[in-house]
Structure formats: C-alpha cells, structure tokens
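Inspection log for the structure reproduced underneath, given as structure tokens.
The values are calculated or read from the model by the stated rules, or taken from the named source; none is laboratory data. As the structure is a prediction and not an experimental result, all values here were calculated from the model. Here the Cβ is made from the backbone with ideal geometry for all residues, glycine too, and neighbour counts use every protein chain on show.
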Amino acid sequence: QSRFNPLEADARWQKVWEEKQSFRASDDSGKPRSYVLEMFPYPSGRIHIGHVRNYSMGDVLARFRRMTGHEVLHPMGWDAFGMPAENAAMEKKVHPGDWTRSNIASMRAQLKKLGFALDWSRELATCEPDYYGQEQALFLDLYAAGLVYRKESAVNWDPVDMTVLANEQVIDGKGWRSGAPVEKRKLSQWFLKITDFADELLDGLSTLDQWPDKVKLMQENWIGKSMGLQFSFAVEGPSTALGTNGAGDTNQHPFVSSEVETLIAQRLEVFSTRPDTIFGASFAAIAADHPIALALAKDNAALAAFADECRQTGTAAAEVETQEKKGFDTGLSVVHPFDPTWKLPLFVANFVLMDYGTGAVMGVPAHDQRDLDFARKYMLPAERVVAAEGDADKPIHDEAYTGPGKLVNSRFLDGMTVEQAKAEVIKRAEAEGWGQGTTVWRLRDWGVSRQRYWGTPIPIIHCDTCGPVGVPKAQLPVVLPEDISFDIPGNPLDRHPTWKHVDCPTCGKPARRETDTLDTFVDSSWYFIRFASQPSDKPFDRATVEKWMPVGQYIGGVEHAILHLLYARFWTRALKHIGMLDIAEPFTGLFTQGMVTHETYKAGDGSWLSPQEVKKTGDDWIHIESGQPVTAGRVEKMSKSKKNVVDPDDIIDQYGADAVRWFMLSDSPPERDLPWTESGIEGSWRFVNRLWRLFGQMDVAATGDDKAVDRKLHQTIDGIARDIEALAFNKAVAKIYELTNTVEKAAPSASRSAAIRTLALLVAPMTPHLAEEAWELMGQEGLIADAAWPAVDPALLVEDEVTVAVQVMGKLRDTITVPKGTAKDQLEALALAAPNVLRTLDGATPKKVIVVPDRLVNLVL
Ligand code: ANZ
Ligand code: ZN
C-alpha cells in the first residue's frame, strides 16, 4: 500500500455519503438531538479559507456527535441577499439573481469537495421566494402584534447614487462609492421594536454560560443600560442673562421671538448619566434639531447655517466621537438647579444628538471628553469634581477624568463616592421636583427599510385612503420582479413600470406597493429556525423546531458579536411574544473562531506581492521575476488587496480535503489566528500519509498484549473526546500525534492492531476520507461515518506504575519503577538492590530507611 490518493478517495467517499444520505437529520429518531451550526456564508463567489476553518471545526463536532450516538442536525445555506449582488449588476451587467445563484452553485461544489457532513436536503437560500415569502408572513405577524411600526427617520443619502447609505458606507462624510458629500434626509422607514425587549436581552446574557465573555460584554455595552437623572433647567433670555459665557459677550441676540419665549418658559429637559458631576457643569448644549434651536434659527441666519452644517455630518457614534466639536452660543442661559445665582451659557452643539435622551445635555468638561474638547475651544471652565485618592488638586488638562473617586468642589456632595453622590442628587431632584431618576438604554429600535432591489420586499401596500396595509397572506410571497435595470441610479423597484401598482386589499382603490426591502440582517435572524423545519405552507412547524432548538453549538466570526447575534436573540423573543415558538435563547453555545493569516510582501513601489512571487536570498527577500528587493510585511488576515490570499480549491487539488482540514485544526487554538504556511500544509500532508502507512500495518493475526499501548490508546480516546467537546481541536490533534508515535514504535501485538483500528475512528471526524479508506482497507463493516466512537476502559485510564526516587542521604541516586501501591518493605528491598545505590553504599548498611509510598525511598547512613 503506497501513498494515500486523495483525488480518488475524496470523490469516492463523498459520493457514497451522498447516495446513502449519511448526514440527513431525522426529526423523529429516538436518539438525543444535537444541533451544530456554523454561520451561513454570503455567496460572494468563492469559499475562502476562513470558511474552511469555520466549517472544519463545526464538522469535527458534528461527526463526533454522530459517533457518540446523537441525531445531529448540521445544515448549510446561503445568506443570499445583499449589496454586492447589486454592485455586480451595475459593474458587470449581470442580474443580481443570476450572479448570486451561480456563486451559490460554485461555492456549494467547493464545500462538497471538503467532505463536510452536512444535511444538504435542508439547504436554503434567503433570496428564494420559498424563504423570503415565509419571512414576509412573519413580518406581517409581528406587524399585527405591534412589534413593527413606521416612522420618519434621518438617513444618510447619497445624492449621486440616489441611495441610502449605511453608516459604515459613509467615509469622511462622503459616499463610499460616489465620493459625493452625504446628505441627511428624512424618510419614512419601518422599524422593529427591539427596544421592547431591551431588559430581556440584557438579562438573558447571564444565562449564556457557554458564550465568550467578550461577546456578552459587547452585547451588554450595545444594549447600554444606564441609570441617570432626567432633569430640567430654568432658561433665561438674553435680557436677563448674566453673561457667564467664556467670551463675556451677552447681548448678541437682542431679539427673542415669542415662540422662543414660550419654549424656554417650559424649561429645558436634559439627561445625564452622571448627575454626581452637577457642580462641575459649565455649560448646557442642545442638538441642532432641538425645538429651541429650530425656533431660534428662524430669526438667526448664522445659527440656521450652523445647524445645516451639523446635519451634514453622519450620526454614527464613531463619527460623532471623532469630528471636531463645534457650537453656537445662543445667548440664552440656564440656571443651576442647586444655585439660582449660577448661570450657564446655552449652546447649540454638533455632538448633541436629537434622538438620544432629550436632545440636550449639561456639559461637564472635567469628566466628559466631548465636553472637555468643547470647553477648550470656547474657553469654558473645566473644574474637577471627582478625584481619585490624592488627585483632588490635580488640574484637568487634555483628558477628562472618567474613573471612580470621591466628590470634590461639590458643596454637600464633597467626600461622597460617585455612586453615593448620584443617589443623593437624584433624591434631592425628586424631592424638589425638578428631576427624576431614570433608566436609559443605548439600544435603538431596529430600522429595517433599505431602498434596494436585492432584498426581501416589505409586504405592505400604501393606500391613500387606508394608509399602510399588510399584503393578505394568501397573496404571499410578494415576489421580486425579474425585469429590472440598474442603468440609472436609484431603487429599481421604485421605477419599475408596473410592479408597485396594485389595488388596496382593503378598499380596492389603486394603491402602491412598498418598494423598500428588508435589511438582510432580518434574513439571518431566523434561518436557523427554518433549517429545523421548512414546511411550504408556513414559516416552520413549531413542535419540530422545539425538538431541535436551541442550537447547541454555534460557530462563527466575532464580527457578528453584536448585530447578528442580538437580532437573532430578539427575533426568537419576538416569536415567543406572539406565541409562535417557545425558546428562550437561540444559541446556547457560541464559539468565535480566529482568522487565517498569511505573510505579506511589498515591492519597492509600495505595491503588494503574493508570497509566491518572492523568495529569500540570504537574509533578504527579492521579487523572483525582477530580482528587485522586497520588504517582508506583517502576517495579516488574508485579503485580496494584500495579495496574500490562498484559494482553498488550489490546495484541495494539491493535497486533498483531509490534509487541508487537518491543517485548519492543528496548529493554533481555534479562537486564535492561524498563520497559513506552506510548511504547515506540507506537514499535514505528510502526516496524512504517515497515518495511511500505519493503517496498512493493521494485522488481524497479531497476538499478545501490550499494556503500554492499551493504556496510551484509552487515555487518548478519553482525552480526544473531551477536547472535541471543548472545541480544543489543536489539543485533540496533538494527542493523535502522540498516539501515532507510540503505536508506530510498538512491536506487533493484538494491542497494536487494535490501536491502529481505533486510530481510524479517532481521526474520522477530522480526516473523514482517509478514515473511510482505512476502514475499508482494514476490512471493517459499514461506513466509519456510521461507526460508534470507541468505548473507554476506565481501568486503563489510571496510571498503574509509578517511578519512585531513591536517595542516599537526600541525594538522588537512582529510580525504580514499581506497581502503584507497592508495600513499604518491598520498596525498601528494591531500593537497596538498585545498581547505583549499591555502588554508592559500597557495602555500608543504612542506619535508617525513610519510605514515602509511590514517591520516594531515602537511605540515611
Ligand atoms: C453630564 C455628564 C458628565 C455626562 C460626565 C457624562 C459624563 P451614555 O453613557 O453614552 O448614555 N448626553 C445625553 N444626551 C445626549 C445627546 N442627546 N447627545 C449627546 N450626548 C448626550 O451617555 C450619557 C451622557 O451623554 C449623558 O451624561 C450626557 O452627558 C450625554 F462627566 O451628563 B452626561
Ligand atoms: Zn385602501
């Protein structure tokens, strides 16, 4: 038996598994169920190496669970709606559907070449009406239950591409594609009421003990529950202002309209999470869209222009943090609630958001970085009111102090901790009637409207008489029209000649379809439920889903730590709320795997070179073709732009699926980054062949026991099972290397043959094609994919021999290997007979012998 031939073996076994439907999950078997899921891919065109790593891990667990007697659900599908398909349509003039479906076909073929134990009968693509039609039905159910609503909301509008941009698509205030300055526009959009579940989503995190702490923390921060004080300032007009702004310039607005007067008579509501810092306040600020700002701007062109400028910039949190803090002094002032003689200037400021809190803040420069940046620019005081031990007199420079400490310069709060001072201020505000302790959430309702073609049509019809009306369920799915064009900018659904013109389902008058489609995160918020059950006449069968759900192990990238996972957790709760499903959490176990990285190289002109284009000569790297020197860069995540991508197809063709899978599992702990190296994949390939040769040595005729081999084998079976359950694949791999070494070196025996046979079972989850081939070679019954995980003999797990140190006068002279628990007198006799001890004693008789059973014998002369 020579080399393992993966080209032949891979295809052969993949065909057998497919024909026998080996990995088809049964809804009704009596076995314990196990749902193993990797995040489904976006069909971008090719499987990349990150997918290979992700799915290799899930596959090991899925195959292992099958071997340990579980009914395993391990499905695969496609997150198939999204922008890249529209970009391809614009650039390459292909229909988004054709582009997507052909990508799915090639990526499916790639996954099949890797031999994953997937139940392909449950494959789904979110871009097909049989999926998105059921999503439309769910949307209507949520709408009926009041969890969906419509409201005006500001969006980033690209005036050239005539499209709404996500915050991430706005770069330095410009559209990522057109480069045109982005405008804020108000559009009526659909929202899902995720905030109704804010408390539950937060509390539920504490039940997720098999989630990484960092992911739970990210979700916690995103939900952002904070205790604070909502309170009001009395506002004074310019005529009564005492002039406390930094410029000392009070009467710049001699005229205040009656509208403004009415507004300020109602006091200014602000929200603060740090009421303890109230004596550090040196200004107040409102958003550009705050009613007071809007009213003032009517008579003040400069303010109106400033407000317009504020509206130009995006409202993404990151942008607000980084942009220059700018303000406009209104000339009005507010009165400090604890001191009627203390007036603070009131600004309109670009960092105050209208849709957060009350759209107004008190500015405490010493303890809030935004406020400090602002104060430095407008020469406002920044007095410290919280200090860590010994820092009370330290002035604040460029950095706000946000840490813990005790209150200073704060009258009756002095000496209190931050928490005590918060409570005290809230108590007084409530008692005096100017404020109220509150809980606030950072979490916003989820805006799901997208002005795009390639997404799930929102199943709503707008009627001038009846308003928005849900499409009757009998008319679902609302199917995307095929005949669309991307020749001009904008949403093709909106300008389609006929699609949107329909009659109102309620009154029958001519009406219009909603032309927005759903955010693709909606599609991925319930796909794991549809995998568990996919009837054609409803979204899912509840009883079947409840058999499979929750997903016991979910594996994917940490880039989905917040949005996708939060939306899926929300969706599960929303379905529970409307009585469709009773699952608390969708994913009880979550694992976020590291990235696959690769070396990078740069030519003299700064362009990237692929690792294949360079070679090392002496200590330096050169470009092979030109001989020019090259700089070796960092080992980085594989990306096309850095030319350090490895195409899975190339390496599968070269080494076969198993060597690739083995390498993905072997070198690094799965949560860490895995550096791709040529030597690494070659090492894996060599090991596959080493195993193959060893499998060829299984000899049924061999006889005799080998205790050491038996023990090593059973310890390995036990250890690997634990490692796989803990997703510590690299540790499992290390144990297989060790066992292989032991077995290779052992002399022929029945034990050795048993170990070789068992080794095939142990590697079956990782290198399944090799294992099947070996199973057949060894003349075993059936498929190894259907075989049971080997049983562990607990008696062989305990080490039954120990090494005992023999000392003479406290110095180590020899060791003896004895059965565990050997009696004291026997140990003494063996120690006295040890060769080095005899030499050291040289005929002398020890005066005293100290014996510690299983550990040590010390001879005292
Ligand atoms: C005074 C203060 C002092 C604040 C201090 C913070 C630190 P998080 O924690 O993100 O919820 N704020 C309130 N409404 C705002 C709005 N519409 N736009 C911009 N900022 C707003 O932030 C709450 C804090 O953000 C609030 O507490 C308020 O500033 C500011 F040392 O009040 B704070
Ligand atoms: Zn109507």
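Inspection of region 575-582 finds no residue satisfying the criterion of being acidic (D, E) and part of a helix (DSSP H, G or I).
Yes/no per residue for (1) of a type outside the set (S, T, Y); (2) within 16 Å of ligand 1 (Cβ to nearest atom); (3) at negative phi; (4) surrounded by 19 or more Cβ atoms within 10 Å (Cβ to Cβ):
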position	(1), (2), (3), (4)
W454	yes, no, yes, yes
G467	yes, no, no, no
N491	yes, no, yes, yes
R495	yes, no, yes, no
H501	yes, no, yes, no
V522	yes, no, yes, yes
I529	yes, no, yes, yes
A543	yes, no, yes, no
Q553	yes, no, yes, yes
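Testing A728 on (1) within 31 Å of the chain's Cα centre (by Cα); (2) at pLDDT 95 or above; (3) farther than 20 Å from G58 by Cα, one condition comes back false. Which one is that? All conditions are met except number (3). Scoring K538 on the criteria (1) within 16 Å of ligand 2 (Cβ to nearest atom); (2) under 35 Å from the mean Cα position of the chain (by Cα); (3) not β-branched (V, I, T) leaves a single failure, condition (1).
Looking at the structure I just gave you, is K547 surrounded by fewer than 21 Cβ atoms within 10 Å (Cβ to Cβ) and either without any contact (Cβ under 8 Å) to a residue 40 or more places away in the chain or in contact with a helix residue (DSSP H, G or I) (Cβ under 6 Å, 6 or more places away or on another chain) (or both)? So K547 fails the test.
Residues checked against (1) in a helix (DSSP H, G or I); (2) buried (at least 21 other Cβ atoms within 10 Å of the Cβ); (3) within 13 Å of ligand 1 (Cβ to nearest atom); (4) among the hydrophobic types (A, V, I, L, M, F, W, C):
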| site | (1), (2), (3), (4) |
| --- | --- |
| F347 | no, yes, yes, yes |
| G357 | no, no, yes, no |
| M362 | no, yes, yes, yes |
| F374 | yes, yes, yes, yes |
| E383 | no, no, yes, no |
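From the list V804, V733, V763, the lone residue that is surrounded by 18 or more Cβ atoms within 10 Å (Cβ to Cβ) and touching a strand residue (DSSP E or B) at 6+ places or on another chain (Cβ under 7 Å) is V804.
Filtered by the rule that a residue be more than 30 Å from the chain's Cα centre (by Cα), hydrophobic (A, V, I, L, M, F, W, C) and either within 16 Å of ligand 2 (Cβ to nearest atom) or surrounded by 15 or more Cβ atoms within 10 Å (Cβ to Cβ) (or both), region 421-452 gives A421, A423, V425, I426, A429, W434. The residue list D308, D398 contains one member that is surrounded by fewer than 19 Cβ atoms within 10 Å (Cβ to Cβ), in a loop (DSSP other than H, G, I, E, B), away from ligand 2 (no atom under 16 Å from the Cβ) and modelled with pLDDT under 95, which is D398. Among the residues here, L217 does not qualify as over 18 Å from Q451 (Cα atoms), of a type in the set (A, V, I, L, M, F, W, C) and in contact with a helix residue (DSSP H, G or I) (Cβ under 6 Å, 6 or more places away or on another chain).
Would region 819-838 turn up any residue that is acidic (D, E) and within 57 Å of the chain's Cα centre (by Cα)? There is no residue in region 819-838 that is acidic (D, E) and within 57 Å of the chain's Cα centre (by Cα).
Inside region 792-815, can you point out the residues that are aliphatic (A, V, I, L, M) and in contact (Cβ under 8 Å) with a residue 40 or more places away in the chain? Can you show your working first?
The first filter runs over region 792-815 and keeps only residues aliphatic (A, V, I, L, M), leaving 792, 795-798, 802, 804-806, 808-809, 812.
Within region 792-815, V792, L796, L797, V802, V804, A805, V806, V808, M809 meet the criteria.
Selection of region 261-298 for residues being of a type outside the set (D, E, K, R), touching a strand residue (DSSP E or B) at 6+ places or on another chain (Cβ under 9 Å) and assigned to a helix (DSSP H, G or I) yields L263, I264, A265, P275, T277, I278, F279, G280, I292, A293, L296, A297. Scanning region 736-760 for residues that are surrounded by fewer than 17 Cβ atoms within 10 Å (Cβ to Cβ) and without any contact (Cβ under 8 Å) to a residue 40 or more places away in the chain gives E738, N741, K745. Across region 311-321, the qualifying residues are those that are within 14 Å of ligand 1 (Cβ to nearest atom) and outside any loop (DSSP other than H, G, I, E, B), and the one among them that is modelled with the highest pLDDT is E321.
Note on region 464-572: enclosed strands (runs of 3 or more DSSP E) holding 1 or more residues that are of a type in the set (D, E) and either at pLDDT 95 or above or under 20 Å from A125 (Cβ atoms) (or both) are 501-503.
Considering G810, G782, the condition of being under 30 Å from L665 (Cα atoms), at pLDDT 90 or above and not basic (K, R) is satisfied by G782 alone.
In this structure, is L770 touching a residue at least 40 places away in the same chain (Cβ under 8 Å), aliphatic (A, V, I, L, M) and surrounded by 19 or more Cβ atoms within 10 Å (Cβ to Cβ)? When the stated conditions are applied, L770 passes them. Residues that are within 16 Å of ligand 2 (Cβ to nearest atom), under 40 Å from the mean Cα position of the chain (by Cα) and not polar (S, T, N, Q) occur at least once in region 495-507.
On inspection, S44 passes the criterion of being of a type in the set (G, A, S) and at pLDDT below 95.
For the structure I just gave you, tell me whether D464 is charged (D, E, K, R) and either touching an Asp or Glu at 6+ places or on another chain (Cβ under 6 Å) or within 16 Å of ligand 2 (Cβ to nearest atom) (or both). Yes, satisfied.
Under 8 Å between Cβ atoms, at least 6 apart or on separate chains: pull out the pairs that start in region 18-37 with a residue that is at pLDDT 95 or above and end on any residue that is in a helix (DSSP H, G or I) and polar (S, T, N, Q). Hits for this filter: Q21/S121; R24/S121; D27/T544.
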